[in-house]
Amino acid sequence: MNAPGATPSARAWWVVAPLAAIWAAALGWAIFALPVLAAWVSSVQSTAGWGQVLRTAGLAWVVAHDVPVQVGGATYSLLPWGLLAIPVFLLVYAGRWAGRVAKVDTVRDWLLVAGSTAVLYTVLVTVVSLLARVPGARTSAKYALLAALAISVLALLWGVLHGSSMRPMILSAIPRDLRVVIRGAVIAIATLIGMGAALVALSLIVHFGEVIRIQQYLEPGPLGGVALLVLSIGYLPVAAMWAVSYCLGAGVSIGTDVTLTPFIATSAPVELPPFPMLAALPQDVGPVAWALPVIGVFAGTLIGLVVAKGGFRLGRRICLAAGASLLAAIGVYLLLFMSSGALGTMNLVQVGPKPALGATIALALMLIGSVATVLLFGLRPKASLPEPVTAESEIDELPSIAE
C-alpha cells in the first residue's frame with residue numbers, strides 16, 4: 001500500500017490493457033446504441049426484441065470502423081468514415097490512460113501496452129462482427145479484424161505515447177529531415193481536405209433548394225432527421241475528398257458510365273439515391289473549373305515554404321520537398337481509397353474517385369509547387385551574417401601576458 005502523498009505505483013500491462021480495450025469498446029458500442037434504442041422506442045410498429053436491438057447496435061459500431069456491410073445480396077462499402085473519429089478518439093484516450101497508469105517509460109513497455117490493448121480490442125470487434133447479424137444485414141469478420149487492427153494499432157501507439165513520460169525522447173529521436181517531411185506532408189493534406197470541404201459547403205449553399213427538396217421528399221421525421229444529420233456529418237470527409245479529386249482533375253465516378261470532371265460535362269444521366277449531400281455534385285462545367293487543379297500546386301507551395309524555413313542547402317531542399325510531396329500523395333491515395341466504394345445497386349457498384357489517378361495527379365501538382373518554391377528561395381541572396389563568436393576568437397582578442 002502506498003503511503004499518503006506518495007506516487008502511485010505502476011500497474012502491470014496485463015491489468016491495464018484489458019481495462020483500456022474493454023472501456024473503449026463498451027463506450028463506443030454505447031454511443032452507437034443510443035440512436036438505435038431511440039428509434040426502437042419511438043417506433044410503435046416495431047416487433048424487434050432486445051436481442052435484435054443489441055445486435056443492430058453492434059452492427060452499427062462495427063460499420064463505424066469502415067467495415068463494409070452486406071444488405072441482402074448487395075455490398076455497401078462507401079461508408080461515412082467521418083464517424084471513424086468516434087472509435088479513434090476513444091482509443092487514443094484509452095491509450096493515454098494506459099500509458100499514464102502503467103507509467104510507460106521504455107520503448108518495450110510502449111509497444112507492449114499499445115500492442116496488447118490493440119489485440120484485445122481487435123478481438124472484441126471481430127467477435128461483435130460475428131454475433132451482430134440482423135436479418136438481411138451482416139459484416140465480414142475478416143474485414144472487421146483487419147480494419148480494427150489497423151485503426152487500434154495506430155490510435156493506441158499515439159495515445160500510449162502521449163500518456164507516457166517518453167514522448168519528448170521519442171519525438172527528439174526523429175531526425176530533423178524526417179520531421180520536416182512529415183510536417184510538410186501533413187500541412188499539404190490538411191490544406192487539400194480543408195479546401196475540398198469549403199467547396200462542398202459552397203456547393204451546398206448554391207444548391208440549397210435541392211437539399212430542401214430531398215429533405216421534404218424523404219420525410220424523415222424528428223428522429224430520422226437527427227439520423228440523417230449524423231449520416232451527413234459522417235459523409236462530410238467523403239464529400240471533401242470527392243471535391244479534392246474533382247478539383248485535381250481525376251474526377252469522380254458515378255457508376256460505371258458517368259465521370260464528373262472539371263473538364264468534361266456529364267455524358268449521361270444517372271439515378272442517385274435521395275441523400276441531401278449528393279445535391280453538392282456539380283452539374284455543369286464552367287470556365288472557372290479549368291483553374292481548379294491549382295489547389296494541388298498551392299498545397300505544394302506550402303510544402304516548399306515549410307522546407308525552406310529549415311535553412312537547408314538547395315539540393316537538400318529539393319530532396320526534402322520531393323519527399324514531402326510523395327508522402328502527401330500517399331496520404332491522398334489512402335483518403336481517396338476510403339472515399340470510394342459501392343452503394344449496392346447495379347448502377348452504383350463503382351462510386352467515388354479513382355485513388356491511383358488522383359494520387360498521381362496530386363503528386364505531379366505538388367512537386368511543381370514545392371520544387372518551384374524551394375528553387376525560388378534558393379535564388380534569394382542571403383544576408384551577410386557576422387562571424388560567430390567562439391571561445392578561440394575571444395582568447396585571440398585578449399592581450400598577451402608577455403606583452
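Condition check ((1) farther than 30 Å from His65 by Cβ; (2) hydrophobic (A, V, I, L, M, F, W, C); (3) assigned to a helix (DSSP H, G or I)) across all residues:
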position	(1), (2), (3)
Gly300	yes, no, yes
Leu305	yes, yes, yes
Phe312	yes, yes, no
Arg316	yes, no, yes
Leu320	yes, yes, yes
Ala324	no, yes, yes
Ala328	no, yes, yes
Phe337	no, yes, yes
Leu357	no, yes, yes
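Only one residue in Asp66, Asp105 is among the acidic types (Asp, Glu) and over 20 Å from Leu334 (Cβ atoms). Which one?
Asp105
State yes or no: is Val238 crowded, with 17+ Cβ neighbours inside 10 Å, in contact with a Pro (Cβ under 6 Å, 6 or more places away or on another chain) and not charged (D, E, K, R)?
No; evaluated as a whole, the condition is false for this residue.
Looking at the range 20-34, can you tell me whether even one residue there is modelled with pLDDT of 95 or more and touching a Ser or Thr at 6+ places or on another chain (Cβ under 6 Å)?
Yes: the range 20-34 contains one or more residues that are modelled with pLDDT of 95 or more and touching a Ser or Thr at 6+ places or on another chain (Cβ under 6 Å).
Which one is farthest from Leu19 (Cα to Cα) among residues in the range 64-108 that are in a loop (DSSP other than H, G, I, E, B) and without any contact (Cβ under 8 Å) to a residue 60 or more places away in the chain?
Checked the range 64-108; the qualifying residue farthest from Leu19 (Cα to Cα) is Gly73.
Evaluate the following for Leu111: is it assigned to a helix (DSSP H, G or I) and assigned by TED's automatic domain parsing to the domain that holds Lys142?
When the stated conditions are applied, Leu111 passes them.
From the list Val230, Val285, which one is within 29 Å of Gly209 (Cβ to Cβ), in a loop (DSSP other than H, G, I, E, B) and at pLDDT below 95?
Val285
The values are calculated or read from the model by the stated rules, or taken from the named source; none is laboratory data. Quantities reported herein were computed from a predicted structural model and do not represent experimental measurements. Cβ coordinates were reconstructed from backbone atoms using ideal geometry, including for glycine residues, and neighbour counts include every protein chain displayed.
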